[in-house]
1. For Gln60, enumerate residues with amide H under 5 Å from its amide H, sequence gap 5+ or separate chain, H modeled in the peptide plane.
2. From the square roots a ≥ b ≥ c of the eigenvalues of the alpha-carbon gyration tensor of segment 67-115, which class results: rounded (a/c under 1.5), prolate (a/b over b/c), or oblate?
3. On average, how much accessible surface per residue is there in segment 51-106, in Å², for a 1.4 Å probe, leaving out ligands, DNA and RNA?
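The values are calculated or read from the model by the stated rules, or taken from the named source; none is laboratory data. These numbers were taken from a predicted model, which means no experiment stands behind them. Just so you know, the surface numbers come from the protein's heavy atoms only, side chains and all, with ligands and any DNA or RNA stripped out. Shrake-Rupley method; radii C 1.70, N 1.55, O 1.52, S 1.80 Å.
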Amino acid sequence: MIVVVANLGCSQPAGRAPQVSPPPGVTRFAEERSFDAAVASAETDLLLAMRGTYGRLEAQRWKVPPGLSWEQLTAYYAANLGSEWQVDMRFSEQGSGYKRRVWHLQGSPARAFALACIEVQPAAFAVMVVAQSPSD
């Protein structure tokens, strides 16, 4: 499973990203951006789909241990974002070949947090991408 996370907004003051740490066991991924075409495609698709609503985004990749399911990841981020974040129904859960979930901050239509994952074979780990609006 390849995981893509896009962190596009905040519950903090404007220009600052939410302080949601990745799940336990997740480490910074140091491979080149082109390491896998499916990951690059999913990341590009997610960022382009969200650009019209949330603007230009910056991304980082993280290595996720095997065994974290889509359900566990979405539950983890939903709990850590808090109740002021609501699912953004403008984005379906199905991306172009990957699953995604998008949350937006109530009362701040320009702030969102997105999580997506894609299955890539053979992969012994998942890759998580954290993308966020540039800080002002």
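1. Val130, Ala131
2. Verdict is oblate for segment 67-115.
3. Numbers: 3110 Å² over 56 residues.
That works out to 56 Å² for each residue.
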